[in-house]
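Structure, as structure tokens:
The values are calculated or read from the model by the stated rules, or taken from the named source; none is laboratory data. Since we're looking at a predicted model, the values are computed, not measured. Glycine gets a Cβ as well: all are built from the backbone with ideal geometry, and neighbour counts include every protein chain shown. Keep in mind that these areas ignore ligands, DNA and RNA; they rest on the heavy atoms of the full protein, side chains included. Shrake-Rupley method; radii C 1.70, N 1.55, O 1.52, S 1.80 Å.
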Amino acid sequence: MDLQTITFNELPNAMSLLLEKMNGLEKQLKESARFNQPTISDEEIILDANEVAQLLKVTIGTIRTKTSNGEIPSMKRLGKNYYLKSEIIEYLKQGKKLSFQEIEEQANQYLLTKKGSN
């Protein structure tokens, strides 16, 4: 059906076709908008000192001390400290003690690398 040559009798069918196409476009736009929106993962959540203390299961005083000593990564705005959950988790990972097996694997990898460079 050519939209430029619609007769009065074809108007209901043309409107029906037009509405159907518009609904399809609307659905596509909504899907596109949903996929193009920035997302925040669980670890990108901003925490305050109380929430960090709960997460790490320590006192708020410990968090304040470690923050003022520069041990815990933080951001300060409006006189208050804020923390990214991802950075707090990374902070925890940096304190991980290696198992004997992990140490042995690292030593073996080092020796293999050392032999390969000679």
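Residues are listed down the side, and each one gets a yes or a no for (1) among the aromatic types (Phe, Trp, Tyr); (2) touching a Ser or Thr at 6+ places or on another chain (Cβ under 6 Å); (3) touching a residue at least 24 places away in the same chain (Cβ under 8 Å):
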| site | (1), (2), (3) |
| --- | --- |
| Lys76 | no, no, no |
| Tyr82 | yes, no, yes |
| Tyr91 | yes, no, no |
| Gln94 | no, no, no |
| Lys97 | no, no, no |
| Ala107 | no, no, no |
| Leu112 | no, no, no |
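Of the residues making up the range 62-83, none is open to solvent by 70 Å² or more (accessible area, probe 1.4 Å) and farther than 30 Å from Ile45 by Cα.
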